[in-house]
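Scroll down for the structure; my scribbles are underneath it.
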Amino acid sequence: MLAHLPPASPDPLWSLISAYRADPRPERMDLVVGMYRDESGTTPVLEAVRAAETRLAEAGLSKAYRALSGNADFNAGMARLLLGAAPARLARQYTMQSVGGTGALRLLAELVARATPGATVWSSDPGYVNHRPLMTAPGLGFETYRLREEAQGLDLSAMLEDLAPARPGDVVILHGCCHNPTGIDMRPEHWAEISSFCARRGLIPLVDMAYQGFGDGMEADAAGLRRVVDENPTVLVAASCSKNMGLYCDRTGAAMVVGPDAAALSRVAPTLERIARASYSMPPEHGAAVAA
């Protein structure tokens with residue numbers, strides 16, 4: 001069997017990290033992965049996280065299995081963190097714990113593939129290098145739109161020009177804030193225009209919220225997402241606690257699906273749970289309990 005495995009090239013990012021670690025020069029700098037580091041180059045454990053971990057350890061909670069959907073308190077908290085306290089928004093969402101933000105993206109890609117097998121996912125160029133393999137793994141099409149800067153910021157006309165061929169049911173990946181890798185973020189007027197564009201064309205926004213809190217603050221960074229949710233019947237969200245809570249290796253994230261109303265979500269939870277069950281069964285508890 002093993003002799004028949006096709007050759008696979010190593011992941012370019014982690015290959016670069018391996019080269020960095022093998023480099024003996026003391027002045028080298030690791031700028032590969034988007035992680036917060038202090039002046040000494042260390043990624044610290046946040047004081048709030050350390051305190052939460054201490055309380056959990058003292059409580060001595062059982063290590064018994066939880067639900068396929070993960071930690072319910074975490075899911076409810078992430079929904080509020082992303083959408084705010086507006087009851088109208090919260091009533092339209094289903095949020096499920098995932099294995100990091102990457103796991104959320106994969107869950108949502110599988111969901112789209114089951115609902116609309118012929119859909120195409122549109123992602124920025126340049127963009128997060130893992131978007132393409134995550135979206136194409138379940139068989140979705142993949143196209144790109146230009147993400148570039150002009151004198152006044154984002155060149156929105158180039159972006160919308162490239163998205164013109166997108167068909168109803170296609171998915172448009174939008175970076176919620178701190179665009180990876182360019183840092184070119186959308187201003188409120190850009191969010192307004194792209195939200196309206198998606199609504200008119202019947203496109204499904206997928207907001208990748210990997211860095212909430214690293215831009216202009218937790219609430220400000222969610223403003224674009226909330227506008228998209230208010231103006232579009234269906235929205236997908238992949239969120240990560242790696243950056244804003246420093247839970248990188250605890251792999252703590254959430255996949256959210258927003259529908260036109262609560263009734264439209266009836267098939268979402270069992271579908272996502274079935275996808276998770278066939279992949280990893282249930283997500284790890286520790287990071288979600290800390291975040292909750």
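Close Cβ contacts (under 6 Å, 6 or more residues apart or on different chains) running from residues in the stretch 161-174 that are assigned to a loop (DSSP other than H, G, I, E, B) to residues that are among the aliphatic types (A, V, I, L, M) comprise Ala166/Leu203; Gly169/Ala119; Asp170/Ala119; Asp170/Leu203.
Leu68 falls short of the stated requirement of being in contact with a helix residue (DSSP H, G or I) (Cβ under 6 Å, 6 or more places away or on another chain) and modelled with pLDDT of 95 or more.
Candidates are the residues of the stretch 170-194 that are small (Gly, Ala, Ser) and under 19 Å from Glu150 (Cβ atoms); the one that is most open to solvent (accessible area, probe 1.4 Å) is Gly183. Every condition in (1) surrounded by fewer than 13 Cβ atoms within 10 Å (Cβ to Cβ); (2) modelled with pLDDT of 90 or more; (3) among the aliphatic types (A, V, I, L, M); (4) in contact with a Ser or Thr (Cβ under 7 Å, 6 or more places away or on another chain) is met by Ala22 except one, and the failing one is (4).
Given the criterion within 14 Å of Val207 (Cα to Cα) and without any contact (Cβ under 8 Å) to a residue 40 or more places away in the chain, identify the matching residue among Ala109, Ala104. Going through Ala109, Ala104 in turn, the sole match is Ala109. Determine whether the stretch 135-152 contains at least one residue that is exposed (fewer than 15 other Cβ atoms within 10 Å of the Cβ) and within 22 Å of Gly253 (Cα to Cα). Checking the stretch 135-152: at least one residue is exposed (fewer than 15 other Cβ atoms within 10 Å of the Cβ) and within 22 Å of Gly253 (Cα to Cα). Restricting attention to the stretch 59-78, the residues being among the aliphatic types (A, V, I, L, M), touching a residue at least 12 places away in the same chain (Cβ under 8 Å) and open to solvent by 40 Å² or more (accessible area, probe 1.4 Å) number 4. Scan the stretch 195-203 and tell me whether some residue there is outside any loop (DSSP other than H, G, I, E, B), open to solvent by 20 Å² or more (accessible area, probe 1.4 Å), in contact with a strand residue (DSSP E or B) (Cβ under 7 Å, 6 or more places away or on another chain) and farther than 14 Å from Phe142 by Cα. Taking every residue of the stretch 195-203 in turn, none turns out to be outside any loop (DSSP other than H, G, I, E, B), open to solvent by 20 Å² or more (accessible area, probe 1.4 Å), in contact with a strand residue (DSSP E or B) (Cβ under 7 Å, 6 or more places away or on another chain) and farther than 14 Å from Phe142 by Cα.
Listed here are the residues, each with its yes/no results for (1) part of a helix (DSSP H, G or I); (2) modelled with pLDDT of 90 or more.
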{"site": "Pro10", "(1), (2)": "no, no"}
{"site": "Leu13", "(1), (2)": "yes, no"}
{"site": "Pro26", "(1), (2)": "no, no"}
{"site": "Leu31", "(1), (2)": "no, no"}
{"site": "Gly41", "(1), (2)": "no, no"}
{"site": "Val45", "(1), (2)": "no, yes"}
{"site": "Ala52", "(1), (2)": "yes, yes"}
{"site": "Glu58", "(1), (2)": "yes, yes"}
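When Leu56, Leu81, Leu111, Leu105 are screened for being crowded, with 19+ Cβ neighbours inside 10 Å, more than 26 Å from Ala220 (Cβ to Cβ) and of a type in the set (A, V, I, L, M, F, W, C), only Leu111 passes. Within the stretch 217-262, the set of residues being in contact with an Asp or Glu (Cβ under 9 Å, 6 or more places away or on another chain) and of a type in the set (Val, Ile, Thr) comprises Val237 only.
Kindly evaluate Val99 against the criterion of being touching a Phe, Trp or Tyr at 6+ places or on another chain (Cβ under 8 Å), within 22 Å of Lys243 (Cα to Cα) and open to solvent by 40 Å² or more (accessible area, probe 1.4 Å). Taking the combined requirement at face value, the residue satisfies it. Scanning the stretch 242-275 for residues that are modelled with pLDDT under 95, crowded, with 18+ Cβ neighbours inside 10 Å and among the hydrophobic types (A, V, I, L, M, F, W, C) yields Met245, Leu247. Which residues, counting only those in the stretch 44-88, are closer than 20 Å to Thr102 by Cα and of a type in the set (Ser, Thr, Tyr)? Matches in the stretch 44-88: Ser69 only.
The values are calculated or read from the model by the stated rules, or taken from the named source; none is laboratory data. Note that this is a predicted model, so its numbers are computed, not measured. All Cβ positions, even for glycine, are placed from backbone atoms using ideal geometry, and neighbour counts span all protein chains on display. SASA here: full protein model, heavy atoms, side chains in, ligands and nucleic acids out. Shrake-Rupley method; radii C 1.70, N 1.55, O 1.52, S 1.80 Å.
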